[in-house]
Amino acid sequence: MQYIRIASALYSFRHEVGVIIGVMAALIILPTFVTIGLLSNGVQGVSDVLVSVNAVDHKVEVRNAKGELVTTLDATTTWPIKGTITQGFGTPNPPYQIAHSGIDIDGGFGSPVTVFMAGKVLKVGNVLAGCGDYCVIIDHGFGITSVYAHMSAYKVKVGQPVKPGDVIGLEGEEGWANGAHLHFEIQVMGIPVNPLTFMIGNPLAR
């Protein structure tokens, strides 16, 4: 039993050291533009430096980790699901995440999920830890991807082009989910950003 306790303690110590090293490496590797956002305001700060929206013309500016403008898009009124936002971006989300990497929308188990922006299906299935067996990831170009997680089914295949309004799956509670909802996440260069930056209105009015 003593050997087991020692081994367990060593494993825990190794894990904690690994986390610390990982954070330090990220701060060194990430360009200053993103690192400043991370240190100043956490995940929301990073989101703000990667994507921003003009409140007048609803134009969304997308930048890379160096702060260079990648593309300008029109914000969309096409929400992925009709329902109520039950958890916002960047909020504490224990024990699943330190900070929530997307938004959760509850429209009722089995509600249709559509893509918010034209793109091509990049991955389907159990492709992200905790997201369940029916996760879908869409590539929108310009380093932008969107994630649709905890679904009860998916309706697309890898390589398939999709556009707003196309049903890609059904709301569920697969994976690390406490009740039925859609986890909707947008990433820029692999970094989660606030999906609300890209959206107009609210999902109840979809």
Hey, any hits in the stretch 103-119 for a residue that's aliphatic (A, V, I, L, M), surrounded by fewer than 18 Cβ atoms within 10 Å (Cβ to Cβ) and at pLDDT 95 or above? yes
If I filter the stretch 150-186 down to residues being closer than 22 Å to LEU196 by Cβ and free of Cβ contacts under 8 Å to residues at least 40 places away in the same chain, which single residue comes out as surrounded by the most Cβ atoms within 10 Å (Cβ to Cβ)? MET151
State which residue is surrounded by the fewest Cβ atoms within 10 Å (Cβ to Cβ) when the search covers only the stretch 48-74 and only residues that are in contact with a helix residue (DSSP H, G or I) (Cβ under 6 Å, 6 or more places away or on another chain) and of a type in the set (Gly, Ala, Ser). GLY67
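The values are calculated or read from the model by the stated rules, or taken from the named source; none is laboratory data. Since the model is a prediction, treat every value here as computed from it, not as a measurement. Quick reminder, even Gly has a Cβ in these numbers, built from the backbone with ideal geometry, and neighbours come from all protein chains shown.
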